[in-house]
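Visitor: Sharing a structure here in structure tokens format.
The values are calculated or read from the model by the stated rules, or taken from the named source; none is laboratory data. Owing to the predicted nature of the structure, the values given are computational and were not obtained by experimental measurement. Cβ atoms come from the backbone with ideal geometry, glycine included; neighbour counts cover every protein chain shown.
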Amino acid sequence: MRCDNLGHALAMQGRFVEARAHLLTAIKHRPFSPDSHANLAMASVQLGNDREALAHLNLASHLNPKIETRLNLAGLFYRIGSPQQAVAPVPSSAGDQERSTRTAQHLAWLLATSADETLRNGTEAVALREPRVPPDLFQTSPHARHLSGRFAEAGRFAEAVTTCEKTVNWLTPPATRSLQRSIGNC
């Protein structure tokens, strides 16, 4: 346990080579510790060793399928060019609402923007996000801009344009909007 904590602390300081060494020792002593495997995977990613990271994230996910580990695994699959595999680790429902929403955001983005046409599914991407979109989204969150892309991928172009316009309006400071109106009246 001590090696895992030290390895994690070293990784947090950006000392990934040292962290990796301590985490490997931790895994020798406790080979079924999902946290040790997940921490080693994160250090391995920083060292550019995606293959090692993938192996340890897979193992960590099987030992204890925490949502954070599964999201990291999905992100790594996507980064190495395996979008089909990236969807598999993402559960359809997660524990608490915040994590469930974050999971849905990641999965919806992947489904809406994947270069792999067999994976891309705008309708499902919108369905994942629509129930979670608060009515005041455009006053509270810059993430609304992603929703317009999902609408467009789903063929819902009028909603995509409306969402995009609302997002631009949300991102434009009131003083700028006032200036735009006054220029438009010239």
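Visitor: Tally up the residues in the stretch 10-40 that are outside any loop (DSSP other than H, G, I, E, B) and either surrounded by 14 or more Cβ atoms within 10 Å (Cβ to Cβ) or of a type in the set (D, E, K, R) (or both), please. Break it down stepwise before answering.
Guide: Step one: filter the stretch 10-40 for residues outside any loop (DSSP other than H, G, I, E, B), giving 10-12, 16-29, 34-40.
Keeping just the survivors that are either surrounded by 14 or more Cβ atoms within 10 Å (Cβ to Cβ) or of a type in the set (D, E, K, R) (or both) gives 10-11, 16, 18-28, 34-40.
So the answer is 21.
Visitor: Does the stretch 48-61 contain at least one residue that is modelled with pLDDT under 80 and either farther than 18 Å from Ala127 by Cβ or part of a helix (DSSP H, G or I) (or both)? If you could, list the steps in order and put the result at the bottom.
Guide: Step one: filter the stretch 48-61 for residues modelled with pLDDT under 80, giving none.
No: the stretch 48-61 contains no residue that is modelled with pLDDT under 80 and either farther than 18 Å from Ala127 by Cβ or part of a helix (DSSP H, G or I) (or both).
Visitor: Further question on the same structure: Taking the condition among the aliphatic types (A, V, I, L, M) and modelled with pLDDT of 90 or more, does Ile27 pass? Outline the logic, then answer.
Guide: Values: among the aliphatic types (A, V, I, L, M): yes; modelled with pLDDT of 90 or more: yes.
Yes: the conditions hold for Ile27.
Visitor: Of the residues that make up the stretch 152-160, is at least one at pLDDT 60 or above, in the same structural domain as Ala41 (by TED's automatic domain parsing) and more than 12 Å from the chain's Cα centre (by Cα)? Steps first, please.
Guide: In the first step, residues of the stretch 152-160 are kept if they are at pLDDT 60 or above; the result is 152-160.
Those left that are additionally in the same structural domain as Ala41 (by TED's automatic domain parsing): none.
So far as the stretch 152-160 goes, no, none of its residues is at pLDDT 60 or above, in the same structural domain as Ala41 (by TED's automatic domain parsing) and more than 12 Å from the chain's Cα centre (by Cα).
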